[in-house]
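Notes follow once the structure below has been shown.
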Amino acid sequence: MAPVRTTGAIVASTAAISISMAIFSYFLFFKKTNSTLHCNKKKKPRNGVVDAIGNTPLIRINSLSEATGCEILGKCEFLNPGGSVKDRVALKVIQEALESGELSPGGVVTEGSAGSTAISLATVAPAFGCKCHVVIPDDAAIEKSQILEALGATVERVRPVSITHRDHYVNIAKRRALEANELAAKDKKVSQVDGKDRDQMDGCVPDPEKENPGFLSHYNGGFFADQFENLANFRAHYEGTGPEIWEQTDGNVDAFVAAAGTGGTVAGVSTFLQEKSPKIKCFLIDPPGSGLFNKVTRGVMYTKEEAEGRRLKNPFDTITEGIGINRLTKNFMMAKLDGAFQGTDKEAVEMSRFLLKNDGLFLGSSSAMNCVGAVQVAKALGPGHTIVTILCDNGMRHLSKFYDPKYLAQYGLTPTATGLEFMSIK
Ligand SMILES: Cc1ncc(COP(=O)(O)O)c(C=O)c1O
């Protein structure tokens, strides 16, 4: 009997193994087919540079997640073709302006920008047959204007003055668009004189190029992108960044935090997420010298002057770039915020080096400040929460300031931390 039992056992176990293998192969086949299909879908070529904007990865920042007991996730906006979150804004601004007819192919898009938006406009404009003219404060990192010129944009570096001054870089950019429009209109009028073509006028008509020497006469009109007040900025994040975060987390997100420059990112994302679930908490992280923290927490900017935008944000208040402001923009006013935190330059510098060492993340100053914000939110909410922030651009654009040891030493900002002690985490 014993041999029969053994044979029976062998037959039974052989059958069991065969069935398990069949089931395993079945699942393996279908899983493989599915993942191949998924991969193929992902690998489908995107339609030009414009189609490569957005749909950026959301990554777990391992070091910060482990240190806080929260899931801290960063949206890798530095992977956009123009290298920053501002690609989304540039694309939306140009698309809407072309649709409304305010911008024509061959026209010039002008902007007053400390860098990233300008780089994005210069990247996106040629895809629509347009050009880009940028007015930039001369305290912005030099590599930003070098990149702009290399991209084919024209650049004016100007002295930083208050926004109420006619020569604030944003106001100059606005004027340049008007000038380009006037020149284009004049040009059109001239070519229509007596129904004759301008080429046939034999030099008897005024030449706008001689009257207005300079590059502006070469364009088919101008359009001021106006990233601070143009709500296309808000819509870029409300329709793009926000929905992507929602999908990438399967709706499992407890909080969002970001710093504000124009306010477009924090406004668009917070409005979208809170519409999806009012339980999601949205926060601002504000750098030194900015009045927004007070606005969010106390309802007023620091002083009446700041509220009215008369006080210049002192360039030495913070070494971070693109974030912090002392006036309320239309974009920021759309934000749905539950609170605000403040971060210091020292924390941002230390955070950037910590992430470089521990995660291989080489981030710009605003991204580092956003991560400071994410840790502050994690500490406030406690372990077990999922917190999303924005990794706006990478460190390459910040070599001459944020990543320059001499520059940092000058402001007493030389990084010294070995861990996260600068965030009071052991
Ligand atoms: C590098 C960088 N990060 C962050 C921001 C802030 O984003 P937002 O303007 O959407 O508030 C800016 C704005 O110019 C920026 O240039």
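The values are calculated or read from the model by the stated rules, or taken from the named source; none is laboratory data. What you see is a predicted model, and the numbers here were worked out from it, not measured in a lab. Every residue, glycine as well, gets a Cβ built from its backbone with ideal geometry; the counts of neighbours run over all protein chains shown.
Return a yes/no flag: does the range 156-163 have any residue that is of a type outside the set (D, E) and either at pLDDT 95 or above or outside any loop (DSSP other than H, G, I, E, B) (or both).
Yes - at least one qualifying residue is present in the range 156-163.
Report whether or not A378 is under 26 Å from A118 (Cα atoms) and buried (at least 24 other Cβ atoms within 10 Å of the Cβ).
Judged against the criteria, A378 is not a match.
Report every pair of residues separated by at least 6 positions or lying on different chains whose Cβ atoms are under 7 Å apart, first residue within the range 385-400 and more than 25 Å from L273 (Cα to Cα) and in the same structural domain as I285 (by TED's automatic domain parsing), second of a type in the set (D, E, K, R) and at pLDDT 95 or above.
Pairs found: none.
Would you mind stating whether V388 is of a type outside the set (F, W, Y) and within 17 Å of the chain's Cα centre (by Cα)?
It is true that V388 is of a type outside the set (F, W, Y) and within 17 Å of the chain's Cα centre (by Cα).
Residues checked against (1) modelled with pLDDT of 90 or more; (2) out of contact with any His (no Cβ under 6 Å at 6 or more places or on another chain); (3) within 14 Å of the ligand (Cβ to nearest atom):
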site: K174; (1), (2), (3): yes, yes, no
site: L178; (1), (2), (3): yes, yes, no
site: D194; (1), (2), (3): no, yes, no
site: G203; (1), (2), (3): no, yes, no
site: E209; (1), (2), (3): no, yes, no
site: N212; (1), (2), (3): no, yes, no
site: F215; (1), (2), (3): no, yes, no
site: Q227; (1), (2), (3): yes, yes, yes
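Pairs needed: first member in the range 364-375, assigned by TED's automatic domain parsing to the domain that holds L73 and at pLDDT below 95; second member anywhere, more than 7 Å from the ligand (Cβ to nearest atom) and part of a helix (DSSP H, G or I); C-beta distance under 8 Å; at least 6 residues apart or different chains.
none
Checking the structure you have, find out if any residue of the range 116-131 is closer than 11 Å to I53 by Cα and among the basic types (K, R).
no
Can you tell me which residue among F293, F332 is at pLDDT 90 or above, more than 21 Å from H168 (Cβ to Cβ) and either in contact with a Leu (Cβ under 9 Å, 6 or more places away or on another chain) or not assigned by TED's automatic domain parsing to the domain that holds G261 (or both)?
When all the criteria are applied, what remains is F293.
For (1) crowded, with 24+ Cβ neighbours inside 10 Å; (2) under 21 Å from S424 (Cβ atoms); (3) within 14 Å of the ligand (Cβ to nearest atom); (4) under 16 Å from the mean Cα position of the chain (by Cα), each residue gets a yes or a no:
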| site | (1), (2), (3), (4) |
| --- | --- |
| I323 | yes, no, yes, yes |
| M333 | no, no, yes, no |
| L337 | no, no, yes, no |
| T344 | no, yes, no, no |
| M351 | yes, yes, no, no |
| L355 | no, yes, no, no |
| G364 | yes, no, yes, yes |
| A374 | yes, yes, no, no |
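Just to be sure I understand the filter: pairs with C-beta atoms under 6 Å, separated by 6 or more residues or on different chains, first member in the range 79-93 and on the phi > 0 side of the Ramachandran plot, second member within 11 Å of the ligand (Cβ to nearest atom) and of a type in the set (D, E, K, R). Which pairs pass?
Every condition considered, the pairs that remain are G83/D393.
Need the failing condition index for P45 against (1) in a loop (DSSP other than H, G, I, E, B); (2) within 14 Å of the chain's Cα centre (by Cα); (3) not β-branched (V, I, T), just the number.
For P45, the failing item is (2).
Considering each of K357, K406, K346, K336 in turn, give the residue that is part of a helix (DSSP H, G or I) and in contact (Cβ under 8 Å) with a residue 60 or more places away in the chain.
K346
Among the residues of the range 273-292 satisfying the criterion of being away from the ligand (no atom under 14 Å from the Cβ) and among the hydrophobic types (A, V, I, L, M, F, W, C), which is surrounded by the most Cβ atoms within 10 Å (Cβ to Cβ)?
Out of the qualifying residues, it is L273.
Would you check which residues across the range 387-426 are acidic (D, E) and either more than 22 Å from A374 (Cα to Cα) or at pLDDT below 95 (or both) and list them?
Once the filter is applied, which keeps residues that are acidic (D, E) and either more than 22 Å from A374 (Cα to Cα) or at pLDDT below 95 (or both), the range 387-426 yields only D404.
Give the number of residues within the range 404-426 that are within 21 Å of A258 (Cα to Cα) and either touching a helix residue (DSSP H, G or I) at 6+ places or on another chain (Cβ under 6 Å) or among the aliphatic types (A, V, I, L, M) (or both).
Count: 4.
Of the conditions (1) away from the ligand (no atom under 14 Å from the Cβ); (2) modelled with pLDDT of 95 or more; (3) on the phi < 0 side of the Ramachandran plot; (4) in contact with an Asp or Glu (Cβ under 9 Å, 6 or more places away or on another chain), G384 satisfies every one except a single condition; which number is it?
Every condition holds for G384 apart from (3).
Taking the range 133-155 as the region of interest, how many residues are assigned to a loop (DSSP other than H, G, I, E, B) and of a type in the set (A, V, I, L, M)?
The number of residues fulfilling the criteria is 4.
Of everything in the range 94-122, what is under 14 Å from the mean Cα position of the chain (by Cα) and either assigned to a helix (DSSP H, G or I) or outside the structural domain of H218 (by TED's automatic domain parsing) (or both)? Give them in sequence order.
S116, T117, A118, I119, S120, L121 - these are the residues of the range 94-122 that are under 14 Å from the mean Cα position of the chain (by Cα) and either assigned to a helix (DSSP H, G or I) or outside the structural domain of H218 (by TED's automatic domain parsing) (or both).
Can you tell me which residues in the range 247-272 are under 17 Å from the mean Cα position of the chain (by Cα) and either of a type in the set (A, V, I, L, M, F, W, C) or more than 11 Å from the ligand (Cβ to nearest atom) (or both)?
F256, V257, A258, A259, A260, V266, A267, V269, S270, T271, F272
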